[in-house]
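Chemist: The structure is given below, and queries will be raised subsequently.
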Amino acid sequence: MSVVKGIAPPVEKYDGSSLRILIVHTRWNPSVVDALVKGAVDTMTTEHSVKSENITIQSVAGSYELPFATQRLIAASRLQATPNAADLFSSMSTGEQTGPPPVNTQTFDAAICVGVLIRGSTMHFEYIADAVSNGIMRVGLDSGIPCIFGVLTCLDDDQALERAGMGASEKKHNHGIDWGHCAVELAMKNRDWMAGKI
Ligand code: RBF
């Protein structure tokens with residue numbers, strides 16, 4: 001039987017060496033979340049030359065916190081990237097060429113929000129999944145920074161393990177790998193789009 005589901009392998013390897021990437025992950029369901037984060041990090045560093053020192057990893061309690069934290073961290077990276085007035089005056093008075101900022105003080109080029117929601121016996125799953133998926137999309141559209149939806153919404157533990165590459169079946173696959181590819185692709189394309197290149 002042919003397989004119709006899933007993402008095609010990326011056709012392009014990008015030079016992501018100048019990218020700054022944010023990963024925000026939850027502390028709920030840590031073994032699965034850790035595997036997903038590792039999948040994303042390994043993919044970006046080994047397949048697309050993203051430097052590990054340019055990947056900022058932050059944690060929050062649960063998935064519900066992901067949109068807020070991502071929005072504030074993007075704002076913080078914009079502050080980091082803005083030279084303050086004192087720096088501007090000192091470089092003017094000395095005539096120094098300051099050059100481009102180091103990459104780890106530039107605005108994030110993409111964010112990956114990683115969490116694992118597992119359905120329980122109450123309605124929390126539906127409310128949180130809905131709020132988080134909408135929230136992450138909103139942060140991306142409002143900020144202009146690609147925000148990758150790295151939240152598994154699973155009916156049970158086995159589904160989560162399978163989707164983090166830790167399950168028992170042959171079909172297990174670590175979706176963090178896809179999110180790593182996705183973040184680099186969209187970060188690189190967004191750079192072109194912001195420069196008016198299509
Ligand atoms: N957060 C997750 O990331 N994954 C979960 O599976 C999860 N289950 C929860 C179940 C209940 C009953 C509650 C109240 C919270 C759960 N959370 C979960 C935490 C939630 O995302 C958030 O951190 C808290 O509600 C605090 O805002």
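Chemist: Just how far, in whole angstrom, is the range 124-176 from the range 32-58 if you go by their alpha carbon centroids?
Modeler: Centre-to-centre distance over Cα atoms comes out at 16 Å.
Chemist: Under a point spin-label approximation (7 Å from Cα along Cα-to-Cβ), what is the residue 195-residue 17 distance to one decimal in nm?
Modeler: 1.6
Chemist: If I stretch the segment between residue 126 and residue 27 completely, what's the gain in nm (0.36 nm per residue apart, minus their alpha carbon distance), one decimal?
Modeler: Full extension of this stretch gives 33.7 nm more.
Chemist: Same structure, new question: Across the Cα atoms of the chain, what radius of gyration and what greatest pairwise Cα-Cα distance (Dmax) are found, in Å?
Modeler: 18.6, 71
Chemist: Return the equivalent ellipsoid semi-axes of the range 116-158 as a descending list in whole Å, where each equals the square root of 5 times an eigenvalue of the C-alpha gyration tensor.
Modeler: So the three semi-axes of the range 116-158 are 24, 11, 4 Å.
Chemist: Averaging sequence separations of C-alpha pairs under 8 Å and six or more residues apart, then dividing by the length of the range 142-198, give the relative contact order as a whole percent. Walk me through the intermediate numbers first.
Modeler: On the way: 44 pairs, mean separation 16.5, N = 57.
Relative contact order, the range 142-198: 29 percent.
Chemist: What does DSSP give for the chain in terms of the percent of beta bridges that are antiparallel, rounded to the nearest 5?
Modeler: Bridges in the chain that DSSP calls antiparallel: roughly 5 percent.
Chemist: What length, rounded to one decimal in nm, is gained on full extension from residue 68 through to residue 166, with 0.36 nm per residue of separation minus their alpha-carbon distance?
Modeler: Length gained between residue 68 and residue 166: 32.4 nm.
Chemist: Return the Rg/Rh ratio of the range 94-198 with Cα-based radii and a Kirkwood Rh.
Modeler: Details: Rg = 18.4 Å, Rh = 16.2 Å.
Checking Rg against Rh, the ratio lands at 1.13.
Where a number appears in this text, it was derived from the coordinates with a stated rule and is not lab data. Computed from a predicted model, the values in this text were never measured in an experiment. As a convention, Cβ positions derive from the backbone with ideal geometry for all residues, glycine included, and neighbour counts pool all protein chains shown.
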